[in-house]
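Heads up, the thing below is written out as structure tokens.
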Amino acid sequence: MAKYLLVSFKTCPWVQRAAIVLREKNIDFEFRHIEPDNRPDWFLAISPHKKVPVLRLDDKLSLFESNAIAEFLDETTSPRLHPEDPLTRAVNRAWTDYIPTFAAEVTAVAYADTEADYLKAKERIPVPFERLEGALKKQGNGPFFNGSKYSLVDASYAPFLQRYVFLD
């Protein structure tokens, strides 16, 4: 089996997404934290976009972008977290592709330049949650996106949803 190194900032939700998949699949890996304001040269040499996450395989190849890492791990290691049915899998992928938009809409208040922008962003916070809740209702009964089966959608949203508990 390949040797995996996951490079992270300590609290990065995008890295946590990859870590959740690694742990869910019981894949042995090394977790190495770096500081966002002091990225070491060895990291800059292995990260094409100079950001985390990076999953290093056998100290030879770097995978980057949390979705690509999760998809690779799911395709190469059992058990599969994506559904077998192509249509259901496509719906799942659409919802994992929505995460950057979801996160941007929810965190927009943190980046508002004026009080008016802040209030406008605050009003919009419920919208992405309503979209996600609507999808969950359509997907069936159970604690997970696909009912009783844990999936990459669940692994992908978990790092973000745990941060937004305070919004309720």
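What follows draws every value from the coordinates through simple rules; no lab data is involved. Just so it is clear, the structure is predicted and the values come from calculations on it, not from any experiment. Cβ placement follows ideal geometry from the backbone for every residue including glycine, while neighbour counts extend to all protein chains displayed.
Write out the GluC sites (Glu not before Pro) in region 79-138 meeting two conditions: DSSP loop, and at most 16 other Cβ atoms within 10 Å of their Cβ.
Listed in order of number, the matching sites are 84.
On average over all directions, what projected area in square nanometres does region 13-141 have, based on the convex hull of its Cα atoms?
Approximately 10.3 nm², given one-decimal rounding.
So, in Å, what gap is there between the alpha-carbon centers of region 5-32 and region 56-70?
If we compute the Cα centre of each part, the gap is 11 Å.
Using a Gaussian network for the chain with springs between C-alpha atoms less than 10 Å apart, which of these wobbles most: 14, 42, 95?
Among 14, 42, 95, the largest GNM mean-square fluctuation belongs to 42.
I want to verify a result. In a Gaussian network model of the chain, Cα cutoff 10 Å, which of these has the top mean-square fluctuation: 92, 38, 141?
Result: 38 has the largest fluctuation of those listed.
Under 17 Å Cα-Cα from residue 3, which lysines qualify once same-chain neighbours fewer than 8 residues away are excluded?
Result set, ordered by chain and number: 25, 60.
Excluding residue 2 itself, what net charge comes from residues whose Cβ is under 11 Å from its Cβ, given Lys and Arg +1 and Asp and Glu -1?
In short, 0.
Using Cβ counts within 10 Å as a stand-in for footprinting exposure, how do 96, 11 rank, fewest first?
Ascending number of Cβ neighbours within 10 Å: 11, 96.
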